[in-house]
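Below is one structure; the comments refer to it alone.
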Amino acid sequence: MSLRDTGLPVITVTNRGWRTGAIRKAPPIQVIDGTNYVLVASRGGAPTDPYWVRKLRSDPVVEIRDKTQLHTFRVREVVDEFEKGRLWGLAVAAYLPYRDYQEKNRERNSSLFSREDRIAFGQASRTLHNLLQRVLPVSCKPAKTMLHCPREEGLDLGVRPSN
């Protein structure tokens, strides 16, 4: 998809309404930071955030469609000033009118959202458990906080006592 007749790429952001839970879609400009998407809440330089900002603040799980690719992840509002400045530079590079919007409405900085980098602990531990089951001998049993392996297995995890 592209923005009207400009040819500038847009993405489709789908999430749930903050009050009704109804499925809602928004078409922000495609701003990419490496392999990540940046969502810019500009609303054409208006003094208020677009309607979808409130939804992301209450339920940060989104689905992003970029042409034929579909991604689902959690987003977070960018509050760190250094990160926000860096991402704002990428946004302006992707769509120059963002700079004009900021000049037009100095009272409000456009909110920025980025993919949440933290992986949930439960998901990380399940992933680690599955990996260990594939590479460790069958006789090794995971306990709550450690891994028990019989000495006769000859398992060397590369851990050496410190001197």
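The values are calculated or read from the model by the stated rules, or taken from the named source; none is laboratory data. All values derive from a computational prediction rather than experimental measurement. A quick note on method: Cβ atoms are made from the backbone with ideal geometry, for glycine too, and the neighbour counts reach across all protein chains shown.
On the basis of being surrounded by 14 or more Cβ atoms within 10 Å (Cβ to Cβ), out of contact with any helix residue (DSSP H, G or I) (no Cβ under 8 Å at 6 or more places or on another chain) and in the same structural domain as Glu103 (by TED's automatic domain parsing), does Asp33 make the cut? In short, no. Among the residues of this structure, Gly89 counts as one that is small (Gly, Ala, Ser), more than 15 Å from the chain's Cα centre (by Cα) and exposed (fewer than 14 other Cβ atoms within 10 Å of the Cβ). If you go through segment 11-25 one residue at a time, do you hit one that is in contact with a Ser or Thr (Cβ under 8 Å, 6 or more places away or on another chain), under 20 Å from Ala94 (Cα atoms), in the same structural domain as Tyr101 (by TED's automatic domain parsing) and not aromatic (Phe, Trp, Tyr)? No, segment 11-25 contains no residue that is in contact with a Ser or Thr (Cβ under 8 Å, 6 or more places away or on another chain), under 20 Å from Ala94 (Cα atoms), in the same structural domain as Tyr101 (by TED's automatic domain parsing) and not aromatic (Phe, Trp, Tyr). Looking across segment 36-51, the residues that are surrounded by 18 or more Cβ atoms within 10 Å (Cβ to Cβ), at pLDDT below 90 and out of contact with any Asp or Glu (no Cβ under 8 Å at 6 or more places or on another chain) come down to Ser42, Pro50.
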